[in-house]
Amino acid sequence: MNDRLSALRLFARVARKGSFSAAARERGVPQSTASRTIAALERDIGAALLVRTTRAVTLTDAGSDFLARIEPILAALDEAEHAARGTGELRGMLRVAMGSSLAVREVIPRLPPFMDKHPNLQMDLIMEDQRQDLVTEGVDVALRFGSLADSTATAKRIRAWPRVVVASPVYLAKAGTPEIPADLTRHTVIVGPQRAGTAWSFQRGGAASSIQVEGRLAVRVNEGAVAAAAAGLGIVMTTSGGCQSEVASGALVRVLEDWDAGTVDLSAVFASGRAAKPAARAFADYLIGALRDA
């Protein structure tokens with residue numbers, strides 16, 4: 001039983017990593033052992049689960065279906081073991097998906113205390129700016145800004161960040177500083193975290209103003225949009241955390257500061273249809289405290 005369970009866990013990691021060598025290192029076994037273990041699993045099942053090439057390892061249709069079925073079982077076993085130990089110790093692999101800007105600016109600098117507290121926990125940070133299917137991609141928890149498209153998913157609010165509007169001193173010296181939101185129509189706007197065709201909304205003293213955004217430059221990743229603004233290419237709206245270091249250094253300055261641009265929520269999202277891993281819940285709770293004063 002333990003050999004079969006180990007083989008299933010190894011198969012799941014090979015499938016997610018797309019590599020025998022990476023999964024073998026993670027599981028602490030030689031690559032040759034990992035290859036033999038998966039081959040034996042395929043023989044026992046009577047189906048090819050993986051396609052092996054010199055460049056990558058990919059799932060067959062049977063492998064994809066098998067992976068989708070066993071991962072909730074493995075997660076449930078992890079939770080049962082965690083509850084049985086009753087020590088609060090976290091083990092196994094935690095897969096966390098988030099945007100690259102959030103990861104680099106906020107999460108990774110705050111990881112050491114969490115990982116020091118749980119030395120037997122491994123983490124796989126999936127730093128991608130597009131949203132993943134949590135079930136099919138085996139994500140334990142995703143950190144997401146804004147409204148949640150999947151109403152069936154379980155989510156926990158981490159915190160809210162104020163939206164701010166920023167530009168470089170060089171750009172403002174050339175184009176002038178907007179005094180009211182309507183002035184943005186005469187400026188070059190960088191379409192960043194908020195998509196083209198949407199509106200930038202502001203409030204002040206009970207008055208509301210909504211400006212339709214159609215920028216010359218669209219950069220859908222926060223890091224690129226902030227870098228473009230710092231290079232003097234225009235004005236961008238982002239979160240206060242998404243440009244904090246640039247504002248602190250003077251590379252960017254805030255404009256329209258007396259207008260409230262609203263806030264955007266950051267949530268921890270857990271896959272629907274299965275219990276969240278204890279490590280996923282613990283990580284979300286840790287971030288609530290760690291990011292409280294960010």
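Pairs of Cα atoms nearer than 8 Å and 6+ residues apart set the relative contact order; for region 160-265 it is 46 percent.
Of all lysines in the structure, those lying under 21 Å Cα to Cα from residue 117, and not within fewer than 8 positions of it along the same chain, are 277.
The trypsin sites (Lys or Arg not before Pro) of region 184-281 that meet both conditions, a loop assignment by DSSP and at most 11 other Cβ atoms within 10 Å of the site Cβ, are 195, 216.
Summarising the strand pairing of the chain, around 70 percent of its internal DSSP beta bridges are antiparallel. Assuming a ≥ b ≥ c are the square roots of the Cα gyration tensor eigenvalues, decide whether region 82-144 counts as rounded (a/c under 1.5), prolate (otherwise, with a/b larger than b/c) or oblate. In terms of gyration-tensor shape, oblate. Among beta bridges from DSSP that stay inside region 160-265, the antiparallel ones total about 85%. Sequence-ordered 3J(HN,Hα) estimates for region 94-111 from the Karplus curve with 6.51, -1.76 and 1.60 and θ = phi - 60° stand at 10, 9, 10, 9, 6, x, 5, 5, 4, 4, 6, 7, 10, 7, 4, x, 9, 6 Hz, glycine and proline given as x.
In whole Å, how far is the Cα centre of region 166-236 from that of region 244-274? Using only Cα atoms to place each centre, the spacing works out to 14 Å. Going by neighbour counts of Cβ atoms within 10 Å, the residues 168, 249, 35 line up, fewest first, as 249, 35, 168.
Across region 284-292, computed HN-Hα scalar couplings (Karplus, 6.51 cos²θ - 1.76 cosθ + 1.60, θ = phi - 60°) run 4, 5, 4, 5, 4, x, 5, 9, 4 Hz from first to last residue, x flagging Gly and Pro. Annotation: the residues 139, 51, 14, 264, sorted from fewest to most other C-beta atoms within 10 Å of their own C-beta, follow the order 51, 264, 139, 14.
Calculated [222 nm] ellipticity per residue, helices only, for the chain: -11000 deg cm²/dmol; basis is -39500 (n - 2.57) per DSSP H run with n ≥ 4, divided by all residues, nearest 500.
Just so you know, all these numbers are worked out from the coordinates, no wet-lab data involved. Treat the numbers as computed from the prediction; the structure is a model and nothing was measured. So basically every Cβ, Gly included, is an ideal-geometry build from the backbone, and we count neighbours across all protein chains shown.
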